[in-house]
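Colleague: Sharing a structure with you now.
Where a number appears in this text, it was derived from the coordinates with a stated rule and is not lab data. Keep in mind that what you see is a predicted model, and the values were worked out from it rather than measured. Note that each Cβ is placed from the backbone with ideal geometry, even for glycine, and that neighbours are counted across all protein chains shown.
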Amino acid sequence: MHAVTPTLELRDVTKRYGHVAAPTDVDFTVTAGEVVALVGDNGAGKSTLVKAIAGSHRIDGGEILIDGGPVVIGSPTEASALGIETVYQDLALCDNLDVTANLYLGRERRRSRSLLLDQEGMQAHAAAVIADLAAHLPVLDKPVSALSGGQRQAIAVSRAALWGSRIVLLDEPTAALGVAQTVMVYDLIHRLRDRGLAVVVISHNMADVFAVADRITVLRLGRNAGEFRPGRDSTDDVVAAITGSRELDAAVRKENPR
């Protein structure tokens, strides 16, 4: 049986800030049709890693591979060209624009040989993507400012699904959402996976992580601290890796063997 080539792979990735390096020599993989959660305490290097994948930061060591081939991601535009889309915690939506305009912001379609926007084409395509994701949204010409937090998140995820042909990164996707809205976002994440996308979820919420992830990668102090699987490993196992208590217990046992 042949090993599956990861859609996204990070090998020994390091980012330096002066004399400080975080992350340091980090390995990470996610394959098509898989959700991998990236977790760790504040300062563990999660955000920096995501920004490196999204093209906002350049790495100082190691390499990033897409479908097995090394790439250099120097900007968000280059990341988008590689099929990578990121949904940040602030969602980056324009409240005064409607749903369709937000989905196509900066990528508007124009009519053939015309400066006029192809409103009908954009709306039809947007509606198809939203329907495929089963996102519960009102009419597409409603201003985003009138929508709930869960609906706004659905727009951001739909935009990522519209443009991300390979990889979608979701930063704290359920932050400040209620229970019903959180369940809707869980469903959206599973639908992204079912469409064959490689999905990376960054979250502090262990309930979220265990609800959506196929695998969990833990970073601690900028380095890999373990990989876990819901159904096989427990929340306590993941928390122990995040806090370092697992390492402390091992050190104590080594110092005080029975």
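Colleague: If you take the beta carbon distance between ASN96 and ASN205 as r and set R0 to 35 Å, what does 1/(1 + (r/R0)^6) give as a FRET efficiency, to the nearest 0.05? If you can, show how the numbers build up before the last one.
Modeller: Working: r = 31 Å, r/R0 = 0.88.
My answer for the efficiency is 0.70.
Colleague: In addition: Under 10 Å, Cα contacts only: if you run a Gaussian network model on the chain, which one of ASP98, ASP118, ASP171 comes out with the highest mean-square fluctuation?
Modeller: Judging by the Gaussian network model, the answer is ASP118.
Colleague: Now, a different point. Hey, what number do you get for the chain at 222 nm if only DSSP H runs of n ≥ 4 count, each worth -39500 (n - 2.57), divided across all residues, to the nearest 500?
Modeller: My calculation for the chain gives -10500 deg cm²/dmol from helical runs alone.
Colleague: Would you look at the GNM of the chain, springs on alpha carbons closer than 10 Å, and say which of ARG191, ARG223, ARG232 moves the most?
Modeller: ARG232
Colleague: What label, among [x] -0.63, -0.74, -1.09, -1.21; [y] -0.83, -0.93, -1.20, -1.27; [z] -0.60, -0.72, -1.18, -1.36, belongs to log10 I(q)/I(0) by the Debye sum over Cα atoms at q = 0.11, 0.12, 0.15, 0.16 Å⁻¹ computed from the structure on display?
Modeller: The value matching this structure is [x].
Colleague: Compute the separation of the alpha-carbon centres of region 1-63 and region 114-174 and state it in Å as a whole number.
Modeller: Here the two parts' Cα centres lie 27 Å apart.
Colleague: Taking only Cα atoms and a 10 Å spring cutoff, compute GNM fluctuations for the chain and point out the largest among VAL13, VAL71, VAL144.
Modeller: VAL71
Colleague: I would also like to ask the following. Test of understanding: ordering VAL209, VAL200, VAL129, VAL20 by Cβ neighbours within 10 Å, fewest first, what list do you get?
Modeller: VAL20, VAL129, VAL209, VAL200
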